[in-house]
Amino acid sequence: GLSLLEMTNCRFNNGSYFNTYCNSNLTSCQFNTSVRPLGGNISYTDCDVYGDPLAIATLTLYNGYNCTITIDGAVYTWNNGLLTDAENNVIVWSGSSFQNSLNRISDDNATILFANDIEGDVTIVQKPDAHVTIDGNGKNFSGHITVDGKSATYLTAGLTIKDLNFMAESISADACVNLGESGDNNTRYTCNVTLENCTFDVPGAVGVKSYTGGDKNLTIKNCTATSNAHSLV
């Protein structure tokens, strides 16, 4: 069978997947569709996906096979359903990939990095001895984040949300970051939640709200609620 596929100056349009079954070297190609590695690693050189090199990695879909993606020398890895960069940041690009990554991460000090603007609601379940960092990378998030403290007061748990712009016409909750879930005492007692350099720009919405009380060590630094928002906290 074919062990290496090399393609140059090719254009892949919407409407179908580009499936690869072997190691592939792609040079000066333009992608307006998703890539599915069904075996083998992929190297992109001088390729373009909507002008964003990182988008190539996020369009290289996970299909149960682990693979390495090299983009102009930068290395990304699909491993057990998580897309990571060379610094072991978990890359997310959609609401579903965001929630999927939150469900799958096992590293005690995992960092989730936004590749682009994201829409969708997610829930973060706190665990003992696990600190998760969500790095918005200056991107926009249209939705709300619920922090589930499991009603357990995990004093060794932690969550940092930084450099993220909460921006939407409206969201399905009255706060962008929900500490606990309204009416559910099983989600209370979140611990060590920190927000840094975030902007809340959702009409009528609160930036951060404790729904059940009992939260420990909430820190808010350099965050802004715009005139559209109801309030910061």
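Near Ser24, once Lys and Arg are set to +1 and Asp and Glu to -1 for all other residues with Cβ below 13 Å from its Cβ, the sum equals 0. Where in region 56-89 does the amide nitrogen come within less than 17 Å of the point 7 Å from the Cα of Asn19, taken along Cα to Cβ? Within reach of a label on Asn19, which here means backbone N under 17 Å from a point 7 Å along Cα→Cβ, region 56-89 contributes 60-66. Accessible area per residue for the chain, computed on protein heavy atoms with a 1.4 Å probe, is 46 Å². Ligands, DNA and RNA left out, the accessible area of region 1-160 computed with a 1.4 Å probe is 43% carbon and sulfur. Taking all Cα pairs closer than 8 Å and separated by 6 or more residues, the relative contact order of region 161-233 comes to 37 percent. Per-residue packing, averaged as other Cβ atoms within 10 Å, sorts the ranges 110-121, 28-39 into the order 110-121, 28-39, beginning with the highest.
Label 7 Å along Cα→Cβ of Asn116; region 143-168 residues with amide nitrogen under 19 Å? Those under the cut-off are 143, 164-168.
Measuring nothing but how far apart in sequence close Cα pairs (under 8 Å, 6+ apart) lie, relative to its length, the chain scores a relative contact order of 10 percent. Ranked by the mean number of other Cβ atoms within 10 Å per residue, highest first, peptides 61-70, 204-213 order as 204-213, 61-70. Between the labelled values (1) 0.99; (2) 0.97; (3) 1.04, the entry that holds Rg/Rh (Cα atoms, Kirkwood Rh) as derived from this structure is (3).
If you plug the beta carbon distance of Thr45 and Thr160 into 1/(1 + (r/R0)^6) with R0 = 41 Å, you get a FRET efficiency near 0.70.
The residues packed around Asp108, meaning those with a beta-carbon under 15 Å from its beta-carbon, carry a net charge of 0 if Lys and Arg are +1 and Asp and Glu are -1. Net charge of the neighbourhood of Gly143, taken over other residues with C-beta under 10 Å away and scored Lys/Arg +1, Asp/Glu -1, is -2. For region 136-218, the antiparallel share of DSSP beta bridges with both residues in that region comes to about 5%. At 7 Å along Cα-to-Cβ for each site, give me the label-to-label distance between Asp72 and Gln30 in nm. Result: 1.7 nm between the two label points. Spin-label pair Leu61-Glu87: with each label point 7 Å from Cα along the Cα-Cβ axis, the two points sit 2.9 nm from one another. Placing dummy labels 7 Å off each Cα toward the beta-carbon, the span from Ala152 to Asp108 is 1.5 nm.
Output the antiparallel fraction of DSSP beta bridges having both residues in the chain, as a percent to the nearest 5.
Around 15 percent antiparallel, to the nearest 5.
Please report the spacing between the Cα centers of region 124-140 and region 181-233 in Å, no decimals. Spelled out, the Cα-based centre of one part sits 14 Å from the other.
The values are calculated or read from the model by the stated rules, or taken from the named source; none is laboratory data. Keep in mind the model is a prediction, meaning the values are calculated, not measured. Cβ sites come from the backbone with ideal geometry, for glycine too, and all protein chains shown count toward neighbours. Note: accessible area is taken over every heavy atom of the protein model, side chains too, but ligands, DNA and RNA are not part of it. Shrake-Rupley method; radii C 1.70, N 1.55, O 1.52, S 1.80 Å.
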